[in-house]
Structure formats: C-alpha cells, structure tokens
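A short worksheet on the structure shown next.
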Amino acid sequence: MGDSKAPRLDVAIVGGGIIGVMTAIGLLHRHMNVTIYERAAAWHEIGAGFGFTGIARECMRRLDPALLDTLSRISQKTSSSANTRYWDAFHPRTKQDAQQEASALLFQMPEAHLAFWGAVRSHLLLAMAALLPEGVVRFEKQLVGYGDEPGSDKVVLRFADGTVADAHVLIGCDGIHSTTRQLLLGPDHPASRPSFTHTVAYRTMVPMAAGVEALGENKALSACMHCAPNVNMMSYPVMNGTFLNIAVFAHESSGFSDTDTMTAPATRDEVSRVAGLSPHMADMAQLFPEKLIKWGIFDMCENPAPTYARGLVCIAGDAAHSSSPHQGVGACMGVEDALVLCEVLAEANDKLSSESSQTTNRLALERALQAYSSVRMERSQWLVRSSREMGEMYQWRYGPTGRDAERCQAKLAKASRKLWDFSVDEMVLDARKRATAL
C-alpha cells in the first residue's frame, strides 16, 4: 500500500489470542513489521465454540483473504434458512412436552442476516498461527510496563523477565484482564478491571450422537436457547456438525471466588443442581464430565473504558470492551477493531517520512489511534450493555421482558438488526476521515 519507500511501522502486539493474531496477520498483509508478545509458553486457547457473523467475515476478508479461507475450512456454516429457537425450559415436565413446539417453543429468530460460521476457539487459533511467518511471536513475554514519552516516536515495552523492546505502536490484545488497559488508564481507574456479572458458565462439547440422544434430533442439529428462571442453556453444532457445543449459564447472587483467573472447580452434580427442572437441561447436564471448570462471567458494562487509545498505545478486543457471551458476537467486535486498526495504521504508514521530525511522525500515529478509538467506542460498548441485558432476559430477570416471549423476540430482533445492518465501508471511511481531521 502506498509508496514503497515509506518507512515500515514496527508494531508490538501484546497478547497472542484470536484478535491479537488476526491483527498481526492484517498488519503483515499491509507490509508492516509485527511482533506478538505472549506471556504463555505456547499457543493457548480454550476449546469452547464461538461464531463469526457475515460482517465479521467481511472484516476478516479485508484483513487478509487467508483468514477467511482458514475459517471456511474449519467452520460449521449456518444455513440461510436456519433459525435459532428459544425454548421454555421451566414449564414442560416431560421430554415429550419439552419437544413439542406448540407448548414449549417460545419463538424463533432467523439467522440468515447474521449468518454465523461456528468454530472451536483453539482450532481457529492454531490454524491462524500457521499463517504467521517464523519469528513473529515471542512467548513467555509478560508485559509489566511501558514508556511513552511525548517527544519520542517509539514506545518502550518492559517485560517481567527484565527485557525491553520498542515499537512505533503498542496494541494491547491481552484480554479481559488486560495489563495494557491497566497501564493505559491507570491501576486505580474503575475501568482498569472488569466486573462480575453474577453469572457463571459451565461449558463442554459432546459428540453429536450424545447430543441427539439428550435433546432429540430436532433440537440438537440447530442452535437452541433454553430459558428459565436464573438459568439458560445455549447449544449449537460445531466442527462440521460432528460435535455439539453446550454452555449452561446460571445466576450467582454472591461474588466470584477468584477474580484473577475467573475460574473455579466444579462438578457434574453442580451443573445438575443449576439446570433446573427442564428434562432436556437435566439430560444435558449428565453429558458434562464428572469434574470440570466453571467460568465466572465478567464484563466492562459497569465501568466502560473512557478511551481505547492514548499516545502510541491502544487496546482492542476484550482488552477494550470485554463482553459477556450472551449475544454471541464479542469476538466479532474484536475483528472489527482489528480491521480499523490495520486500515488507519496503513494510512499513517503511508504518510510517515524519514525526512520528517519525530514530532510529525508521532502526531500521525496518535491521530490514527485516536480515530480508531472514536470510531469503535459507541458500537462496541453498546454490545457490552446489550449482551448483559440479553443474559438477564434469558434468565427471566430483565423486568417483564424475559417472561414475555413477544417482548423478548422484539428486543432480540432490534439488537440483531443493529449487528448486521452495518456498513464496513462506512466504518473504515469514517476512521480515515477522523484520522485526517483530528
């Protein structure tokens, strides 16, 4: 892109998760120098399933077509005629009653517009990592601080092992417990740490045959949400329909025991206790392993970040706007972040000159990052709020809406439209204009 003689930006990405790797691939595709600093000793990601909307996939294609090709190879693609069905998991008392649409189906939502492609997080991460050139990733590098002096054109990263590195831009993709966010906002800022949503999640994947036996073929082969007081269960096929991804979410009135790891040991009996009276949810609980891990669901709804960028440093994905999973598009917001960052940094890179002063070059980069922050804030923080509300609605705790199927459907439809009725072109153009105008 641009003049081949323009300086190539050195970009440091802290965090080797899904969004960190996608951003790196997008920057490499735009001929920038990238280094990923990951605190783990190797690639690490949970085996849970997640999905990407048509908007997110368009962003992936623009980041680098190889990303979309990779997802296409390993994903479960939603049919254009598919629906997510929302079931009453409280009133039916037999499996026969629970399977009857006339008595147990609350409503259904068409998936054609969102057009999810589902994948397993760990599988996608490893497949994307294979696209990275050798030497891009530095493992066992835990960020502990950075220096970003106003008169310098580079930010200096400091790691726990005593080493340092520098880059023109630092992008924090280090997740919900982001060190980069804490450093950017200050350790005492309310948004430096996420808040417990008073929901815990139990996750597993089972062979599709087991899912069919527990749910029935009608439910197991499509995306389903089971709703009841203080508990809900989401299930959908992954890995080309060979496995069923299951997540049971339960309301927890007290705090969470470990706010650092957001996990705690659990048992199958605990899942059975929270699964309620639904015969289908009770059967699904029996598919969980005897011993498992439960996840505390944290987000940034109560204390949203006031900015995603300062100086030569920015945050993206969960580091910027960690969301609960109830709307299913938290990762999609991160993909949109990645595209905007890659586009504004490519524009800034084209404007940099070895003959310009450090102040001039720094200003171009600061403008680019501020443009990214401005463009992404409203949409991403709306998602955090909306997802929190959806979780309360599925558990019939969102005022009268949760127990009112018609109101619930209307709220979902409105949120769904906001997600898919969106122009990637306009988002990128807006970011470029802001970078120039700031």
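The values are calculated or read from the model by the stated rules, or taken from the named source; none is laboratory data. Quick caveat, the model's predicted, so the values are computed rather than measured. Cβ placement follows ideal geometry from the backbone for every residue including glycine, while neighbour counts extend to all protein chains displayed.
Listing for the model above:
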read-out	value
All positions within the stretch 330-383 that are among the β-branched types (V, I, T) and modelled with pLDDT of 95 or more	V335, V340, V344, V375
Close pairs (7 angstrom Cβ cut-off, 6 or more residues apart or separate chains): crowded, with 16+ Cβ neighbours inside 10 Å in the stretch 187-198, of a type in the set (K, R) anywhere	S192/R181; T197/R388
Within the stretch 242-257, tally of residues that are assigned to a strand (DSSP E or B) and under 20 Å from S278 (Cα atoms)	8
Residue count for the stretch 219-241, restricted to those that are in a loop (DSSP other than H, G, I, E, B) and under 21 Å from S324 (Cα atoms)	3
All positions within the stretch 137-167 that are assigned to a loop (DSSP other than H, G, I, E, B), under 26 Å from the mean Cα position of the chain (by Cα) and crowded, with 19+ Cβ neighbours inside 10 Å	K141
Answer residue from the stretch 46-74, given it is among the small types (G, A, S) and crowded, with 23+ Cβ neighbours inside 10 Å and is farthest from M333 (Cα to Cα) among those	G49
Unique match (being under 20 Å from T35 (Cα atoms) and touching a residue at least 12 places away in the same chain (Cβ under 8 Å)) among V120, V156, V137	V137
Contacts under 9 angstrom Cβ, first residue in the stretch 397-423 being among the acidic types (D, E), partner not in a helix (DSSP H, G or I), 6 or more apart	E406/F107; D421/H113
Total residues in the stretch 258-278, condition assigned to a loop (DSSP other than H, G, I, E, B) and either in the same structural domain as P325 (by TED's automatic domain parsing) or touching a residue at least 12 places away in the same chain (Cβ under 8 Å) (or both)	8
2 or more residues over 21 Å from M22 (Cα atoms): qualifying helices (runs of 4 or more DSSP H) within the stretch 298-405	330-351, 358-394
Residues satisfying the stated conditions in the stretch 168-201, i.e. closer than 21 Å to A24 by Cα, of a type outside the set (K, R) and in a helix (DSSP H, G or I)	T179, T180, L184
Count of the stretch 37-74 residues which are polar (S, T, N, Q) and under 29 Å from Q142 (Cβ atoms)	1
Tally, over the stretch 355-411, of residues that are of a type in the set (V, I, T) and in contact with an Asp or Glu (Cβ under 7 Å, 6 or more places away or on another chain)	2
L124 being within 23 Å of the chain's Cα centre (by Cα), farther than 17 Å from A316 by Cα and surrounded by 14 or more Cβ atoms within 10 Å (Cβ to Cβ)	yes
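Each row is one residue, and each column tells you yes or no for (1) in a helix (DSSP H, G or I); (2) among the aliphatic types (A, V, I, L, M); (3) over 23 Å from the mean Cα position of the chain (by Cα); (4) modelled with pLDDT of 95 or more.
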position	(1), (2), (3), (4)
L27	yes, yes, no, yes
R62	yes, no, no, yes
S81	no, no, yes, no
P92	no, no, yes, no
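Residue-by-condition table, conditions (1) outside the structural domain of V21 (by TED's automatic domain parsing); (2) under 23 Å from Q142 (Cα atoms); (3) modelled with pLDDT of 95 or more; (4) not basic (K, R):
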residue	(1), (2), (3), (4)
T163	no, yes, yes, yes
C173	no, yes, yes, yes
T180	no, yes, yes, yes
P187	no, yes, no, yes
Y202	yes, no, yes, yes
M205	yes, no, no, yes
M208	yes, no, yes, yes
